[in-house]
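The values are calculated or read from the model by the stated rules, or taken from the named source; none is laboratory data. Everything numeric here is computed off the predicted structure, so don't read it as measured data. Ideal geometry is used to build each Cβ from the backbone, glycine not excepted, and the neighbour counts take in all protein chains shown. Just so you know, the surface numbers come from the protein's heavy atoms only, side chains and all, with ligands and any DNA or RNA stripped out. Shrake-Rupley method; radii C 1.70, N 1.55, O 1.52, S 1.80 Å.
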Amino acid sequence: MVGSSLIRSFLKAGYKNIHATWHERTPSDLINLFKIDANYSIKDEINWYQCNFINQKESEQLLNKIKPDGVVVAAARVGGIMANSSFRAQFIYDNTQIASNIIHYSHIHNVDKLIFLGSACIYPTNAKQPIVEESLLTGLLEPTNEPYAIAKIAGIKLCESYFDQYHNNFFALMPNNLYGPGDNYNLKTSHVLPAILRKLHEAKINNKDKISIWGTGNPRREFLHVDDLASACVFAFENIDAHEIYKQKITHLNIGSGSDLSISELAEKIKKVVGYLGKIKNDLSKPDGMKQKLLDSKRINSLGWSAKISLDEGLVSVYSDFKNE
């Protein structure tokens, strides 16, 4: 989801000689994501490489072969509460390896600028809302996604440390809950928005009178369309350097839409878009996760970037994409 959006956004901004990697989902599997419009596919304009960045040797060989000027680290092992709870060892191991391998070999091969993409789950569960960048490492993490969060914090600190020791222009951006074309709709590993959308769609076509969602529905989440994140990455490549971030005594910049809503409110919005007429029940045997995750994105907003795609607009778009797929 993130990688394909980055490709579209950098090409639209006029960049050439773009290299992209894939591991499990091939470019052919994702052909519909590489279209700027109905008549123009960008799939064949990209230099494609299969690479498992968990593997140190593969990572070193690829970065040595390409020797890129810039890198965006979008590779990750990701999932919702169920996946994070079920595969805790895999989430911390895979994601620390990915961050370590890409960042280290980007240093070895003299990458001019690297942007590491993290997640809002890096912040303490009791962080004051909206969450400012300085909240990192000021409290305990949410237990349901602690291994993933620790791996992402390691990536942030790798960027900071390589800047401190070697003056590499490496820094991190922290987006909030992402959604958009190419999202994962597998109910065992997906995040909350695509999971609810799929449940409601299937209930509608199968004439089911109710669905269930995890927890109380009270936790609040901020959602960011993946194309807004990609535009932030292009903006950061063109306008932000690491020293500008670290001189503020922070390690990264928040990337958010600026507003949040409860999971129950989200479910009602998706229900309206799908056209489902049944009931939504809460499964109180399942965890809620963190009570609220609203990012303070004033720093990057003050530099000239802001999110453009509203949640209402984005939900209509992703449901259309979901039905087409």
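For the reader, a short list of remarks on this structure follows.
- Segment 173-236-segment 65-102 distance, computed between alpha-carbon centres (Å): 20 Å
- The aspartates and glutamates whose alpha-carbon is closer than 12 Å to the alpha-carbon of Lys269, local same-chain residues fewer than 8 away aside, are Asp312, Glu313.
- Averaged per residue, segment 203-317 has 49 square angstrom of accessible surface, using a 1.4 angstrom probe with ligands and nucleic acids left out.
- In degrees, nearest ten, helix 56-66 long axis to first principal axis of the chain (Cα): 70 degrees
- Taking 0.36 nm per residue of separation and subtracting the Cα-Cα distance, full extension of the segment from Ser86 to Leu303 would add 74.2 nm.
- Rounded, prolate or oblate (a/c below 1.5 giving rounded, otherwise prolate when a/b exceeds b/c) for segment 53-122 by Cα gyration tensor: prolate
- Accessible surface for segment 76-195, divided over its residues, is 39 Å² per residue with a 1.4 Å probe.
- Axis angle, to the nearest 10 degrees, between helix 263-274 and the longest C-alpha principal axis of the chain: 80 degrees.
- The slack in the chain from Leu140 to Lys65, taken as 0.36 nm per residue of separation less the alpha-carbon distance, amounts to 22.9 nm.
- Once C-alpha pairs closer than 8 Å and six or more residues apart are averaged by separation and normalised to the residue number of segment 227-325, the relative contact order reads 42 percent.
- Highest-first packing order for the peptide set 289-298, 102-111, 157-166 is 289-298, 102-111, 157-166, based on the mean count of other beta carbon atoms within 10 Å.
- For segment 280-325, the gyration tensor built on C-alpha atoms gives an oblate shape. Its axis ratio a/c (a ≥ b ≥ c) is at least 1.5, and a/b is not larger than b/c.
- Taking the Cα centre of the chain as origin and assigning +1 to Lys and Arg Cβ atoms and -1 to Asp and Glu Cβ atoms, the resulting dipole is close to 780 debye.
- Between 0 and 90 degrees, the angle of helix 192-205 with respect to the longest Cα principal axis of the chain falls at about 40 degrees.
- In the complete set of protein chains, residue-level accessible area for Thr138 is approximately 100 Å², probe 1.4 angstrom.
- In terms of accessible area, using a 1.4 Å probe and ignoring ligands and nucleic acids, Lys249, Lys188, Lys152 rank largest first as Lys249, Lys188, Lys152.
- Under the criterion of Cα pairs below 8 Å and six or more residues apart, the relative contact order for the chain equals 19 percent.
- Per-residue extension of 0.36 nm, minus the Cα-Cα distance of Gln248 and Asp312, leaves a gain of 19.6 nm for this segment.
- Counting only lysines at least 8 places from Lys67 when in the same chain, those with an alpha carbon closer than 16 Å to its own are Lys16, Lys57, Lys113.
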